[in-house]
Amino acid sequence: MTFTQLGIIEPILKALKDEGYTHPTPIQAQSIPILLKGNDLLGCAQTGTGKTAAFTIPILQHLYLNNSGPRGYRKIKTLIVTPTRELAIQIADNITQYAKYTDLKNVVIFGGVKQGGQTDSLRRGTDILVATPGRLLDLIAQGFITLKDIEFFVLDEADQMLDMGFIHDIKKIIAKLPSKRQSLFFSATMPSSIIELSGKILGNYEQVTVKPEQPTADKIEQAIYFVSKNNKPKLLVHIINENPTSSVLVFSRTKHGADKIVKFLDKSHIKSAAIHGNKSQGARQRALGNFKDGVSNILIATDIAARGIDIDELSLVINFDLPNISETYVHRIGRTGRAKASGIALSFCDLEERAYLKDIQKLIRQDIPVVENHPFLVDETEIIPATEKLSKNQKKKKKPHLTHHKPKEKETTGEQKHRKPFSNRRRY
Ligand code: AMP
């Protein structure tokens, strides 16, 4: 199957070729024909499957073919609503790439920044609007946006929207849409609340499921480090020092925790930046931009800030805390191993997190191998109740071998060079 066989028009094909996309991903191969026919779609797909292009390509094609005459003022014909600012920016960037040989325009709006730049862009007119829910409703209320001309509506990362408490905003937005429209609804997981919401948004729809959780987990090399809560920062420093050229995305369950990690790393002469909801939009964009461009190679993120973030050549994801929601683990490790690349995901697990680990392993239907040879190993025979011990199939594992995609120079202090990583070995 090729994009040409899917009936994609030349200007879009050319842009896809520039991006190096040779073949559609499964979600694209399944969704594009449905969307080109004009049907509604419920897509169950996780990030990293190529779903942005799956919904963007057919929408661009419809807009391009229906707007071939002379252009007057552009009315907003497509609305894409997504939970986080970072994801909104990323989707808009992708649209700009895929639409570069068409005259279709997109504008992205999100909260946390002054609205002036966004309202100026809106005044100039746009075919496609990518928005987070709060700023969208705000600018509608101020009269900068009308949804009365919407022909295509996309709700992306719907499960995350509900988790973030956007349900009322989403309902308000849907109420403002024309009833005649094509609607697309994407979610990585399909709990009953999502199925119920999809019933409200979609008309007669077709459903596409790209095997929900397993594929990402399968192609990513994973490992667990049993460690006490207190020793997690030291273990992180140890791993970073052992892999100085890797780009590392570290997940913290809380914003406060993320800031504490940055401080601890700083004391150990390791530069890092945090992105989370309490940071200004400018600071988040800067940290993310530096990380994507390889200027900095350690980013500490909370789940919401990192959801959907697409970073090429991310070698390592570290779960500093294990998430209490198992699906979140799959989203997190999906930051590495994007598209066809393979990746490595390491997770720190303290005693309190053992139950979370059990749930995660159940969800991904795998026993994650345990790293035995690290200096902060908690001796599980001493502290873990017998019932909680490793399952029979749980393999013991040597440290994973990291492949370095993009060697980067990193300053090494004299202290780091001469430090013996295993000299402070302790047993608990
Ligand atoms: P997404 O799930 O939309 O976040 O996409 C994940 C990654 O896959 C992004 O880096 C895209 O640029 C990439 N991608 C999307 N479609 C294709 C394709 N057909 N071939 C290769 N890479 C793709």
Fill in the blank from the handout: Listed by first then second residue, the pairs whose first member lies in region 41-54 and is in the same structural domain as residue 90 (by TED's automatic domain parsing) and of a type in the set (Val, Ile, Thr), whose partner is open to solvent by 10 Å² or more (accessible area, probe 1.4 Å) and more than 6 Å from the ligand (Cβ to nearest atom), with beta carbons under 6 Å and at least 6 positions apart or on separate chains, are 49/210; 52/94
Problem - Filter pass, residue 163 being at pLDDT 90 or above and either touching a Ser or Thr at 6+ places or on another chain (Cβ under 7 Å) or acidic (Asp, Glu) (or both) - result: no
Exercise for the section: Please indicate, with yes or no, whether at least one residue in region 113-132 is under 23 Å from residue 166 (Cβ atoms), open to solvent by 10 Å² or more (accessible area, probe 1.4 Å), among the basic types (Lys, Arg) and within 21 Å of the chain's Cα centre (by Cα). Expected result: no
Practice task
Search region 1-30 for residues that are in the same structural domain as residue 54 (by TED's automatic domain parsing) and pair each with any residue that is within 12 Å of the ligand (Cβ to nearest atom) and among the polar types (S, T, N, Q) when their beta-carbon atoms are under 7 Å apart and the residues are at least 6 apart or on different chains.
Solution key: 15/97; 19/97; 23/2; 25/49; 27/49
Fill in the blank from the handout: Per the filter on region 38-92, residues within 16 Å of the ligand (Cβ to nearest atom) and among the charged types (D, E, K, R) are 51, 85, 86
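The values are calculated or read from the model by the stated rules, or taken from the named source; none is laboratory data. Computed from a prediction, not measured in an experiment: that's the story for all the values here. Cβ atoms come from the backbone with ideal geometry, glycine included; neighbour counts cover every protein chain shown. Surface areas here come from the heavy atoms of the whole protein model, side chains and all, with no ligands, DNA or RNA. Shrake-Rupley method; radii C 1.70, N 1.55, O 1.52, S 1.80 Å.
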